[in-house]
Amino acid sequence: MAEERRPRSGERKQLSPRDGEKKPYAKRDGDKTPYAKRDGDKTPYAKRDGDKKPYPKRDGDKKPYAKRDGDKKPYAKRDGDRRSSRPPQDSDRRVGPPAPPLPADVTPQDLNGAARNELKTLSKENAEQVARHLAMAARLIDDDPELAHQHALAASRSAGRIAIVRETVAITAYALGDFALAVRELRTYRRISGRDDQIALLVDSERGVGRPDRALEVGRAVDRSTLPTEVRVELAIAMSGARLDLGETERALQELDIPELDPDRAFAWSPGLFAARAAVLEELGRTEEAAAWQRRAEVAEEAIGARDADREVLEIDEVEEIPLPVGDHTDVPADGPAAGPADDPAGDDNGEAGER
């Protein structure tokens with residue numbers, strides 16, 4: 001076992017204190033020479049109060065502004081004009097005549113189901129009233145567009161933020177020839193709904209206000225492959241019209257060269273498409289071709305009308321092709337063909353021939 005280590009304190013040599021060797025610094029108080037006081041030499045600044053010249057008071061010269069309370073014209077309170085659904089500014093729908101009366105036989109159910117669904121955000125009473133006005137606008141648009149427009153405006157004063165309402169105002173304004181209002185309403189409708197199903201009407205309204213260049217720009221900005229067939233055809237017709245406005249007749253004809261232009265079969269959109277081509281050919285001086293396409297338009301319209309009369313319906317839910325007379329396309333017989341179903345040559349969505 002290892003031997004225990006002894007402390008080495010006995011070997012430590014402590015240093016002797018150095019206090020005895022310390023030489024403190026001598027005090028310097030005796031050598032200190034204090035600075036002489038300068039109070040006796042101090043020359044105070046002379047007081048300037050006697051020389052101070054105060055500025056004269058201007059109260060006597062002050063002309064206070066006259067009070068304007070007597071001239072103030074407070075703004076009239078608008079609580080009485082507040083509406084639950086405020087129409088947009090810059091619209092003549094904010095003010096107008098009282099709503100036209102609604103016949104007792106007009107019910108909300110007269111409006112189609114899809115349109116009624118858009119009114120669900122309104123109160124029940126308001127939704128029913130708006131639906132009746134929209135139904136009346138649809139009923140009167142062909143025979144009395146002015147009264148139809150009044151019903152549309154009445155609906156917009158109660159439901160100006162609903163897409164179907166703005167669409168109806170636009171359509172009735174277009175029917176009256178108020179193209180500037182139609183453009184504003186259609187732009188708002190597109191912004192609210194996110195749909196392009198009225199793009200052809202917007203292009204045509206831009207033409208109506210004298211902006212064919214703008215009309216072409218609007219039409220080119222849309223992806224036509226995403227449009228239903230009938231809308232795509234209507235857009236082609238509107239674009240062709242804008243080309244005619246600019247004097248670009250050949251390009252107007254090219255706008256109509258679309259797959260839906262089939263001279264041997266008739267669809268809901270065929271009469272308008274054939275007639276548009278006839279008008280452009282007439283502008284080009286190709287009168288014989290123009291007459292042939294105009295005759296095709298008449299035959300297609302007669303065939304579709306005959307089919308609707310047989311079915312006793314006012315609206316075509318599914319577009320069926322109707323064979324046109326077979327033979328020389330430049331000489332279509334006057335008597336219309338019998339209606340018969342066939343496949344859609346374009347392979348696209350079926351269109352509708354109902355009201356817009």
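The values are calculated or read from the model by the stated rules, or taken from the named source; none is laboratory data. Since the model is a prediction, treat every value here as computed from it, not as a measurement. Cβ placement follows ideal geometry from the backbone for every residue including glycine, while neighbour counts extend to all protein chains displayed. What goes into the accessible areas is simple: the full protein's heavy atoms, side chains included, and nothing from ligands, DNA or RNA. Shrake-Rupley method; radii C 1.70, N 1.55, O 1.52, S 1.80 Å.
When residues of the stretch 120-160 are filtered for being in contact (Cβ under 8 Å) with a residue 60 or more places away in the chain and open to solvent by less than 10 Å² (accessible area, probe 1.4 Å), how many remain?
Number of matching residues: 3.
Could you list, in sequence order, the residues of the stretch 282-296 that are surrounded by fewer than 22 Cβ atoms within 10 Å (Cβ to Cβ), of a type outside the set (D, E, K, R) and part of a helix (DSSP H, G or I)?
If the condition is that a residue be surrounded by fewer than 22 Cβ atoms within 10 Å (Cβ to Cβ), of a type outside the set (D, E, K, R) and part of a helix (DSSP H, G or I), then Thr287, Ala290, Ala291, Ala292, Gln294 are the ones that fit.
Those residues that are farther than 14 Å from Arg207 by Cα and either in contact (Cβ under 8 Å) with a residue 60 or more places away in the chain or open to solvent by 40 Å² or more (accessible area, probe 1.4 Å) (or both), I need them from the stretch 235-255; list them, please.
Within the stretch 235-255, Glu248, Glu250, Arg251, Gln254 meet the criteria.
Among the listed residues Glu146, Glu118, Glu128, which satisfies the condition of being in contact with a Pro (Cβ under 6 Å, 6 or more places away or on another chain) and not in a loop (DSSP other than H, G, I, E, B)?
Only one candidate passes the filter, namely Glu128.
Which one is nearest to His133 (Cα to Cα) among residues in the stretch 172-196 that are buried (at least 23 other Cβ atoms within 10 Å of the Cβ) and touching a His at 6+ places or on another chain (Cβ under 9 Å)?
Result: Thr172.
Among the residues of the stretch 197-224 satisfying the criterion of being part of a helix (DSSP H, G or I) and among the charged types (D, E, K, R), which is most open to solvent (accessible area, probe 1.4 Å)?
This residue is Arg220.
Residue-by-condition table, conditions (1) at pLDDT below 90; (2) of a type in the set (Val, Ile, Thr):
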site	(1), (2)
Ile258	no, yes
Phe267	no, no
Ala275	no, no
Glu282	no, no
Gln294	no, no
Ala297	no, no
Asp317	yes, no
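Collect the residues in the stretch 161-171 that are part of a helix (DSSP H, G or I), open to solvent by 10 Å² or more (accessible area, probe 1.4 Å) and touching a residue at least 60 places away in the same chain (Cβ under 8 Å), keeping them in residue-number order.
Ile171
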